[in-house]
Amino acid sequence: DQQVKQNSPSLSVQEGRISILNCDYTNSMFDYFLWYKKYPAEGPTFLISISSIKDKNEDGRFTVFLNKSAKHLSLHIVPSQPGDSAVYFCAARWSGAGSYQLTFGKGTKLSVIP
Amino acid sequence: DAGVIQSPRHEVTEMGQEVTLRCKPISGHNSLFWYRQTMMRGLELLIYFNNNVPIDDSGMPEDRFSAKMPNASFSTLKIQPSEPRDSAVYFCASSLDGELTGELFFGEGSRLTVL
């Protein structure tokens, strides 16, 4: 049973427009959420994170929104650039477990069209 | 500053053979994770070590899989005997407990093909 779900396997966006990637989770114990970006033949790299005590975190063109009541988070990229084309993974963890292991979604492949 | 180093980058083997994947975490990190990436299941956690001790191996698919961390700078993931369904990209990641972001640092992965 997937605890972190990314229901859109792929997304295409025009350069300069906003990209919105969505993620849902089922485990209400999760208290920290991260987004990773992965290029082909490379390992995932950390992009941005948010704690459950916040509802928004912004870093340059990237903003993550968290809706705890809906168990939903989203990553907004604006404006989108061709270099943003990659697979984006949503991840979550429960700090109370005393571990730092992350549970990942299956990923969404973003294609930014020039 | 060296990142997580994995070897081999690519491995092609025949069903029934033993496969050993290797990982060197970032120096000073005390947690190490082995993940497997497939199209069907995405990134799955196989096993997690903290201070060289296996903490959670509930993701290890079956007894054919084993992992060790003999010291803070080296870990192996072994599959014996290998099967075609083990074909995937295996990632090693490390982190430092207490880091605010909880970020994991991933290696470039080992792509395994079992024929």
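The values are calculated or read from the model by the stated rules, or taken from the named source; none is laboratory data. Worth saying up front: this structure is predicted, and the values here are computed from it rather than measured. Every residue, glycine as well, gets a Cβ built from its backbone with ideal geometry; the counts of neighbours run over all protein chains shown.
Identify, from the list A:Ser80, A:Ser69, A:Ser74, A:Ser28, the residue that is closer than 30 Å to B:Val4 by Cα, surrounded by fewer than 19 Cβ atoms within 10 Å (Cβ to Cβ) and of a type in the set (Gly, Ala, Ser). Even if it seems obvious, please write down each step before you answer.
On the way: A:Ser80 fails: surrounded by fewer than 19 Cβ atoms within 10 Å (Cβ to Cβ); A:Ser69 fails: closer than 30 Å to B:Val4 by Cα; A:Ser28 fails: closer than 30 Å to B:Val4 by Cα.
Sole residue among the options that is closer than 30 Å to B:Val4 by Cα, surrounded by fewer than 19 Cβ atoms within 10 Å (Cβ to Cβ) and of a type in the set (Gly, Ala, Ser): A:Ser74.
Is it the case that some residue within the range A:54-70 is under 22 Å from B:Ser94 (Cβ atoms) and of a type in the set (A, V, I, L, M)?
We begin by selecting, within the range A:54-70, every residue under 22 Å from B:Ser94 (Cβ atoms); these are none.
No; the residues of the range A:54-70 include none that is under 22 Å from B:Ser94 (Cβ atoms) and of a type in the set (A, V, I, L, M).
So B:Tyr48 fits all but one of (1) surrounded by 20 or more Cβ atoms within 10 Å (Cβ to Cβ); (2) more than 30 Å from A:Tyr32 (Cα to Cα); (3) in contact with an Asp or Glu (Cβ under 6 Å, 6 or more places away or on another chain); what number is the exception?
With respect to (1) surrounded by 20 or more Cβ atoms within 10 Å (Cβ to Cβ); (2) more than 30 Å from A:Tyr32 (Cα to Cα); (3) in contact with an Asp or Glu (Cβ under 6 Å, 6 or more places away or on another chain), B:Tyr48 is out only on (2).
What number of residues in the range B:1-45 are without any contact (Cβ under 8 Å) to a residue 40 or more places away in the chain and either among the aliphatic types (A, V, I, L, M) or more than 12 Å from every other protein chain (Cβ to nearest Cβ) (or both)?
Final tally of qualifying residues: 5.
Could you tell me how many of the residues in the range B:88-115 are surrounded by fewer than 17 Cβ atoms within 10 Å (Cβ to Cβ) and away from chain A (no Cβ under 13 Å)?
Of the residues in the range B:88-115, 2 are surrounded by fewer than 17 Cβ atoms within 10 Å (Cβ to Cβ) and away from chain A (no Cβ under 13 Å).
Within the range B:51-66, identify whether any single residue is of a type in the set (Ser, Thr, Tyr) and either at pLDDT 95 or above or loosely packed, with under 14 Cβ neighbours inside 10 Å (or both), and answer yes or no.
yes
Which of the residues that make up the range A:63-80 are of a type outside the set (Ser, Thr, Tyr) and under 19 Å from A:Pro44 (Cβ atoms)?
The answer is A:Val64, A:Leu73, A:Leu75, A:Ile77.
Every residue, every condition in (1) assigned to a loop (DSSP other than H, G, I, E, B); (2) touching a Leu at 6+ places or on another chain (Cβ under 9 Å); (3) more than 14 Å from chain B (Cβ to nearest Cβ), yes or no:
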| residue | (1), (2), (3) |
| --- | --- |
| A:Ile50 | no, yes, no |
| A:His76 | no, yes, yes |
| A:Gly83 | no, no, yes |
| A:Ala92 | no, yes, no |
